[in-house]
Amino acid sequence: MVSSEGGPCGSDPDEAACSDFAEFYTSTVRHTLRAIRSLAGDNDTAREAVQEAYVRILMIWPRRNTLPAEDNLRYTIVTARNVVLDGFRRDRRSVKFDEDSQVGEDDPNLVAVLEEMSLMCAVRALIDKWPERRRAVAIMYLLEGHDYAEIASRLDMAQSTVRSHVGKARDVLKPYLQRMEELDAEKGGRST
């Protein structure tokens, strides 16, 4: 327990305090390990947590060595428990993948699906900038598949106005719609 670097049993050690810690450690380590092993679930995790707890109490031993052994034991067990719980929290935050879970790596449709989603987002962004009535017509006709008469009836407008809005929408969206048709044709040629 004597260290040349300073610390609880450092360059000017209180031999009695160091000897008290050694006695505390040897008399309590098995009990602490048993108590933590059931929480940790395995010996290695329990040993690491108990070791960390004893290192922490050693660092403050000059302030704790006059306390009853039961208080120091409780402190050590609670510290070891917290080390185990911190490890569980840390492990829960990190997702572990096995070798078989190479997400998207072997999916031949991944690029096409991403491109289609990107196109849909771009179309939606354009439509959202249009005036309300043209936007409603475009959504009902291009995305929902309603015919001119149904749209005119629901929006209380003339069919010629609906046709005009659809024509303008088609002109603006023509390159996007063509690419979507190409992607659909490509998907039809692949096995999914």
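Points worth noting:
- Within the range 114-192, trypsin sites (Lys or Arg not before Pro) in DSSP loop having at most 10 other beta-carbon neighbours inside 10 Å: Arg190
- Tensor-based shape of the range 110-189 (alpha-carbon gyration tensor, a/c under 1.5 rounded, otherwise prolate or oblate): prolate
- Mean-position separation - Cα centroids, the range 18-39 and the range 74-93, in angstrom: 16 Å
- The length gained on full extension between Ser164 and Ala22, counted as 0.36 nm times the residue separation minus their Cα-Cα distance, comes to 42.1 nm.
- At most 10 other Cβ within 10 Å, DSSP loop - GluC sites (Glu not before Pro), the range 126-178: Glu144
- Within the range 31-53: backbone nitrogen closer than 20 Å to the Arg90 label point (7 Å, Cα to C-beta): 33, 36-53
Throughout, read-outs are computed from the coordinates displayed, never taken from laboratory work. None of these values were measured; they are calculated from a predicted model. Quick reminder, even Gly has a Cβ in these numbers, built from the backbone with ideal geometry, and neighbours come from all protein chains shown.
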